[in-house]
1. If Q63 passes every condition in (1) in a strand (DSSP E or B); (2) crowded, with 16+ Cβ neighbours inside 10 Å but one, which one does it miss?
2. So which residues in region 119-136 are touching a Ser or Thr at 6+ places or on another chain (Cβ under 8 Å) and either modelled with pLDDT of 95 or more or closer than 15 Å to E76 by Cβ (or both)?
Amino acid sequence: MSRRCKIVSALNGKVLTVSQGQFKTRPGNLIMETYSNQSSQQFVLKPIVGSQESQVTIVSYGQQGRVVDVVNESKEVYKEIIVYEHHGRLNQRWMVIALDNGFIQLMSMHSGLVLEVQGGIDADGVGVVQNTNYKNRSQVWRFEEVKP
C-alpha cells in the first residue's frame, strides 16, 4: 500500500496525528485527534523491500522524509512514538498484524511492543506509546484511504 491513509483507533475513532506542539506535546510527537483532513493526520505505508510482506515504514505525509519511530530506539513499555528523520533502523519498522473485521495492530520490529493510545484515554491530544500486547481496543487500528 503506497496510497495516503489515516490510521484510525478502534478505541474512539480518532486518528494518529503528528503534533505541532499543541496539547503540551513536543512537535513531532504522535497524538490522537479528531480527524480534520490535515496533512499531519495522513501517512503513507511503504513496504520494506526484502522483508516479509507485512513489514512497513510509516511515512508522515505532512512531514516528508520523517517516519513513525520509537523514541531513542527504546524497548521499554510506555515510550513515546514520534516522527523522525528516516534512517531505516528497526525502531522505524512496523509489522502489520491482521485481526478480525479489517482491524490491525502495529508492532515495532525493534521492541516487539505494539502501538497504543496511552492509557486508553478518549481525548484529543493524548499521546501514543508502545506497550505490551494486551489486544485491547487502545491497541487496535485500521487504515482508511484518504482521497486526494
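1. If we test Q63 against (1) in a strand (DSSP E or B); (2) crowded, with 16+ Cβ neighbours inside 10 Å, just (1) comes out false.
2. The answer is G127, Q130.
The values are calculated or read from the model by the stated rules, or taken from the named source; none is laboratory data. Everything numeric in this text was worked out from a predicted model, so none of it was measured. All Cβ positions, even for glycine, are placed from backbone atoms using ideal geometry, and neighbour counts span all protein chains on display.
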